1. With the cut-off at 1.5 for a/c, could you classify the range 92-196 from its C-alpha gyration tensor as rounded, prolate or oblate?
2. So for the range 116-266, what percent of the C-alpha to C-alpha distances run longer than 18 Å?
3. Taking Rh as the Kirkwood radius, which is the inverse of the mean 1/r over Cα pairs, what is the Rg/Rh value for the range 155-216?
4. So which chymotrypsin sites (Phe, Trp or Tyr not before Pro) in the range 128-215 end up in coil per DSSP with only 14 or fewer other C-beta atoms within 10 Å?
5. Of the options 116, 56, 83, report the single residue whose Cα projects farthest towards the positive end of the charge dipole of the range 2-351 (beta-carbon charges: Lys, Arg +1; Asp, Glu -1).
6. Normalise the Cα radius of gyration of the range 18-175 by 2.2 N^0.38 Å (N = residues in it) and let me know the number.
7. With an 8 Å Cα cut-off and a minimum separation of 6 or more residues, compute the relative contact order for the range 158-241 in percent.
8. Could you list, in their original order, any pairs among 231/258; 231/334; 99/231; 233/334 whose Cα atoms are separated by more than 31 Å?
Amino acid sequence: MLMYFYPIIIITIVSFILSIALHFAAIFIFPTVGLLDFPEKYGLTRKRIPYPTGIISVLLFLIIFSLFQIFLYENWSIQNIGIIVAVILLFIVSFIDDKYEIKASLRIFFQIIAALIVFAAGTRIFSLTNPLENVTGFPVIPLDTFVIPWPALSDPSIVGALFTIIWLGITTNALNWFDGIPGQVSLVSAIGFLTIGILSISTRIDQPILAILCFSLFAIAGGGFFFEFPKQKILQGDTGAMFYGFMLGIVTIYAGGKVATAFLVLGIPLIDFILVLNRRLIKGIPIFKGNTENEHLHHRLQKKGWSQGHIILLTASIGSAFGISALFFTTFEKLIAAVSLFMVMIVLSIYTEK
């Protein structure tokens, strides 16, 4: 593991510097090519800013990930090629949506296709650790059941495919829906990638290559954050938010299905996603309709008088605290922590009701 220490440090620093440099360049280049946001569309009176700068995050990731493939593997891995193809597909759809808007059903369709590409290429979870093992007597929850005899795709499982689609769909859309305050998605994503990165170099997982990938994504997200907060100079758009959510879902699968860890790190956006869905179902509102009633926690806290800085501090503090705890907790302890986090969100939801 020690042999990977310096590569991790170097790739993190290089990724961060490149992210800073490219986001800085975007401030001057994007306006010249017409890549600016539409503040008037949302009743804002500020000047137009570079948008969607998620382009930078995606392209920088594709370059770095491709270099991984060239220098760390003898041959191009089908698994990694699948991720590249899926990210490019999601990038194209998200960029078009940022510029022209497309139907929610079409976005979901392409998200499903992207998830299936990732699954078919070999990025899979075969089982989940059962947090209630002492009660049920079963140490794991199998996901490799109902196998389709298809050797070309390593005999894919229907249950595994459904889980991959649902999990990647949740992480992708939860981060996208949480993109309501400048810098919030970048910061939460950076915390998530950092946590999974640290977990990857621990003896519990021992996947140094995954750690390198996570730390590079941490640096890319961190570089973008400095241009979003405290003064917003860029706007990531769906292109950035969906990319970060999609990749957070993927690295947790790569890490051996660390769904509980990801849930704790991304607890606020994931639970906020669940609560918003619940409110919309109760009110009979289409679940993928744009936010029109300040349904999300950050908007509701703003109505209570919270500043954007305080909201980001709350998000970062809770994400960091539960993320750090996830590095040391057992599966059952993570379940208890997840329930505790859910209760915290319920309290915050009640607090913001009036």
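1. oblate
2. 60 percent
3. 1.08
4. Here the chymotrypsin sites (Phe, Trp or Tyr not before Pro) that fit, given the DSSP loop and packing criteria, are 146.
5. 56
6. Dividing the Cα Rg of the range 18-175 by 2.2 N^0.38 Å gives 1.33.
7. In percent, rounded to a whole number, it is 33.
8. Distance filter (> 31 Å) returns 231/258; 231/334; 233/334.
Read-outs: derived from the displayed coordinates by stated rules, not from any lab. A quick note: this is a predicted structure, and the numbers were derived from the prediction, not measured. Backbone-built Cβ (ideal geometry, glycine too); neighbour counts: all protein chains shown.
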